[in-house]
Amino acid sequence: MRSKSLVIKMKKEIRELENEMKKETVLEQLSEKCLHTFGCDLDEATKQQTYRAVCLVVRDILAQQRREFCSQYEKQHAKQVFYMSMEFLVGTSLHNNLYNLGIEEVFEEALHDLSVDLKDLYEIEPDAGLGNGGLGRLASCYMDSMSSMDIPATGFSLRYEFGIFKQKIIDGWQMEFPDNWLEMGDVWLIPRKEDTVEIKFGGKIHEWMEDGKLRVEQYDYTPVLAVPYDMFISGYHSNAVNKLVLWSAKSPNNMDMSAFSRGDYVKAIEQNAMAEAISKVLYPADDHVEGKILRLKQQYLFVSASLQSIVKSHLKHYDSLDSLPEKVAVHINDTHPALCVPELLRILLDDYGYDWDTAWDICQRTLAYTNHTVMSEALERWPEHIFREQLPRIHQLVAEINRRLVNYLNTVYPGDVAKIEYMAVIANNEVRMANLCLACCHKVNGVSKLHSDILTHSIFRDYYNITPEKFTNVTNGIAYRRWLCQSNPRLTEKLKEWIGDGFVKDSTALEGLMKYYDNPQVLEELRKIKQYNKQNLCGYIAKTNGINVDPHSIFDVQIKRLHEYKRQLLNVLNIMHMYCAVKENPNLDIPPRTFVFAAKASAGYFMAKQVIRLIDAVSKMINSDPAVRDKIKVVFLEDYKVSLAEIIIPAADISEQISIAGKEASGTGNMKLMINGAVTLGTLDGANVEIHEQVGDENIFLFGMTAQEVEQLWQKGYNPIEYYNANLELRQVVDMLTSGVLGSRFDDIQKSLLTNAFGAADAYMTLADFDSYVRKQEEVSAAYLDQRRFTNMSLVNIAKAGLFSSDRAVGEYADNIWHVKGVQ
Ligand code: 26Q
């Protein structure tokens, strides 16, 4: 076994040597690209043109490598993963691809000859922001790991013309602007017009019997075309190059022609626009769901197009779809692609003549589902009439799935009407996507231990009780080669010196750092690196916000989507409290702090936008007050996105993970910050629980109620007024919200803390955790004053972060859910 893998390794090394690119080759290829693409010489090219030429050369290398990889796994009849997700938060690709291919240096040298700095080209690339937050970024991290582990995989999603909006803060208020990423981001996309697929919306269903079989046909439907665009996904020093397939909606040409002939010009244009609107824009919400028709059309377009192409490609290599589950694993990333269930069933029944039981069995064995939330407002449900109207055949199938399900449930829970209704796929004139997945998929997983426990013991309990073997946990992970090796090169270089470079392939090797726990030189180096990264962030802050912050202050960072459950408000209340404390006692001996926030709010989420307004007001008050100038600064960085996270994270000392326990399914920012040496200040929520297990009590700042205590308090009745009355510090800051000292009043926020929208108590129980949070923040200050102790904590966090690699997570999916292996 050992000798075989050694031979493979040697062969690979030889191949790498043979393929090693020379500077001259790079320049030659760049010249050729410039000439053919822009008709100009390389030395005349603008920065933009040079950037494009570089990307195109890299793309060619990836295309070549992909061809080899495909023939390799096809020869071996390897099983493939199809990762279905409405979101992929790709970020930028050039740096990642050069790094993965091991050709960053040679490109740097070649460009140097042209007096171009590669770093400047990196800055030109827009983020591919085809996602809202955690779920979308997770999908990208997993694609990355699958490529690095030589697992044949394809990600499927939509080619949104506009990704997540650009955020600007104007007078404290979030404003959204369109993100026209394709202008420069299109270089990575390769259209495959010849593989366009037709998708049918609306119309009617005709059913008839033929040779004793039920035949079904949809007619009078509105056709929309789905055109695939490929984006290559490289792996780190791997053979694999996988791809992301993004579907773009297009109106069929013949439609407008027939309308033209009737003289119905406006209608034709309108229908064109309606069809093409489907892939126009990413829904910028990750909190509550609304049954919007356009969103349903997005989901069906991408699900149907993807499954049609999966089935077609399977039949190119195998003679029937009987073998689909052995060769194909389709993964449903949250319920957004849940239409995979009835669509695959439809293809098997209507297009390939399978009987129900066989088709259902194939669907079950092919599909698996990951849940990312326990919040009921984020669970997808569709009004049945919309569903029926837009997807009549799919509706019929879902109704039949539901009929059979309810029949079955009546045998296991006889007479328990409430339970059966709770578990049904259709009830109260709604189609429930989570139940559709639970009823069909062979595996269902949560994204952290705590979250998976909540799924099995609470929201999905009734399904768990009848099919416990379906349920499993895969704790999330991150592509740490992006989040550490690429974004924090100084730390990475030192780590290589200290523990060797094994950790770049095997994250658990980071644990080797533990042997330097007491090494003063290493601790000093760690401080210096952090200092350098903080200085770098200071430069960014000065440039964007015009604020000078102290690079020697504690960088206390909360960067994530803005949501009430994530409790940015709790952070702000403590800042207000610290401000009051310093004002009252100017000699208070606390280490200076810089609070860094970055967050986008869902465009229609009023309270979240109010919180941004509050952060802005608090930062204006504090940053302009000479009395606290040397002690506290508050910075809100606009337009949080992957590439901004890459700048902030290496500079963080404190990682704020302060959601109310039980609500954050996992969190992944917590892992990115940890591996860069930030110490978590958090509740026992999501993956914080496992971070705590890794680092121990000494190396994390835990506070607040546990998920169980939250539940108990909620049952007993949470009364925010009690906390308000009992705590002077708390009363002071809550009163401040409406006192006018902040420049304007924050009545809605105050009300939300003391009551919820229905006049009941705040569901996020911010006041209940306030005191515990404030005290823990005092401990943070004290710990930081002891530089040695704090750097020790930081070191342990880096050393123990290896568990949170997406390589580990993908490995678990591969072994326990998909049953796939890396191709040798
Ligand atoms: C649904 C319907 C209509 C419009 C929008 C949506 C929608 C879109 C995105 C609903 C939810 C999302 C995103 C959810 C998300 O990002 N969840 C996060 O997933 C991470 C990866 O597992 C976890 O780490 C986070 O805890 C979880 O909040």
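The values are calculated or read from the model by the stated rules, or taken from the named source; none is laboratory data. These numbers were taken from a predicted model, which means no experiment stands behind them. Counting neighbours? That spans all protein chains shown, and the Cβs are built from the backbone with ideal geometry, glycine included. Please note that ligands, DNA and RNA were not included when accessible areas were found on the heavy atoms of the full protein model with its side chains. Shrake-Rupley method; radii C 1.70, N 1.55, O 1.52, S 1.80 Å.
Using R0 = 51 Å, the C-beta based FRET efficiency linking Asp771 and Met175 works out to 0.90. Please report the antiparallel percentage of the DSSP beta bridges confined to the chain, to the nearest 5. Counting only bridges with both partners in the chain, antiparallel ones make up about 45 percent.
The 3J(HN,Hα) values that the Karplus relation (6.51, -1.76, 1.60; θ = phi - 60°) gives for segment 59-70 are, in residue order, 4, 4, 4, 5, 4, 4, 5, 5, 4, 4, 4, 4 Hz. Gly and Pro appear as x. Projecting label points 7 angstrom from Cα along Cα→Cβ for Glu44 and Ser739 puts them 6.8 nm apart. Phi angles across segment 359-371 convert, under the Karplus curve 6.51 cos²θ - 1.76 cosθ + 1.60 with θ = phi - 60°, into 3J(HN,Hα) values of 4, 4, 4, 5, 4, 4, 6, 8, 9, 9, 9, 10, 9 Hz, Gly and Pro given as x.
For a modelled paramagnetic label at Lys821, 7 Å from Cα along Cα-to-Cβ, the residues of segment 54-94 in reach, with backbone nitrogen under 16 Å, are 72-81.
Across the accessible surface of segment 571-637, with the other protein chains kept in place and a 1.4 Å probe, carbon and sulfur atoms take up 53 percent. Close amide H contacts of Leu158 (hydrogens built in the peptide plane, cut-off under 5 Å, sequence separation of 5 or more or a different chain): Trp247.
Measuring between their Cα centroids, segment 468-491 and segment 677-740 lie 26 Å from each other.
Note down the net charge around Leu121, summing +1 for each Lys or Arg and -1 for each Asp or Glu among other residues with Cβ under 13 Å from its Cβ. Local net charge: -3. Its Cα gyration tensor gives the chain an equivalent ellipsoid. The semi-axes, each the square root of 5 times an eigenvalue, are 42, 35, 27 Å from largest down. Summary value for the chain: 13 percent relative contact order, contacts being C-alpha pairs under 8 angstrom separated by 6+ residues. The distance separating the Cα centre of segment 407-433 from that of segment 604-653 comes to 47 Å. Legend: residue pairs Lys119/Lys243; Lys200/Lys316; Lys75/Lys821, Cα-Cα distance threshold 18 Å; pairs beyond threshold, Lys119/Lys243; Lys200/Lys316. Label-to-label distance, Arg789 versus Glu421, with points set 7 angstrom from Cα along the beta-carbon direction: 5.7 nm. Within the chain, the longest segment free of exposed loop sites, counting trypsin sites (Lys or Arg not before Pro) that fall outside DSSP classes H, G, I, E and B and have at most 16 other Cβ atoms within 10 Å, spans 293-504.
Extension gain for the segment His317 to His112, taken as residue separation times 0.36 nm less the Cα-Cα distance, is 69.1 nm to one decimal. For Ser85, neighbours were defined as the other residues whose beta-carbon sits under 15 Å from its Cβ, and their charges (Lys and Arg +1, Asp and Glu -1) total -1. Helix-only arithmetic for the chain: the sum of -39500 (n - 2.57) across DSSP H runs with n ≥ 4, divided by the residue total, places the mean residue ellipticity at 222 nm at -15000 deg cm²/dmol. Label-to-label distance, Lys267 versus Cys580, with points set 7 angstrom from Cα along the beta-carbon direction: 6.6 nm.
The magnitude of the dipole of segment 699-820, with charges of +1 and -1 set on the Cβ of Lys/Arg and Asp/Glu and taken from the Cα centre, is near 260 debye. Looking at this model, which pairs from Lys47/Lys494; Lys600/Lys751; Lys204/Lys327; Lys292/Lys419; Lys47/Lys672 are more than 30 angstrom apart at the alpha-carbon? Exceeds cut-off: Lys47/Lys494; Lys204/Lys327; Lys47/Lys672.
Note on Lys776: aspartates and glutamates with a C-alpha under 14 Å away, same-chain residues under 8 apart excluded, are Asp556, Glu656, Asp697, Glu698. Here is the result for segment 385-429: no GluC sites (Glu not before Pro) lie in DSSP coil with at most 13 other C-beta atoms within 10 angstrom of their C-beta. Taking every C-alpha pair closer than 8 Å and separated by at least 6 residues, the mean separation divided by the residue count of segment 531-687 gives a relative contact order of 28 percent. Note that segment 167-279 presents 51 Å² accessible area per residue, ligands and nucleic acids not counted, probe 1.4 Å. Test of understanding: extend the Cα→C-beta vector of Glu20 to 7 Å, then name every residue of segment 95-126 with backbone N under 20 Å from that spot. In segment 95-126, the label zone of Glu20 (backbone N under 20 Å from the point 7 Å along Cα→Cβ) covers 98-113. How many angstrom lie between the C-alpha centres of segment 798-824 and segment 751-796? Computed from Cα coordinates, the inter-centre distance equals 33 Å.
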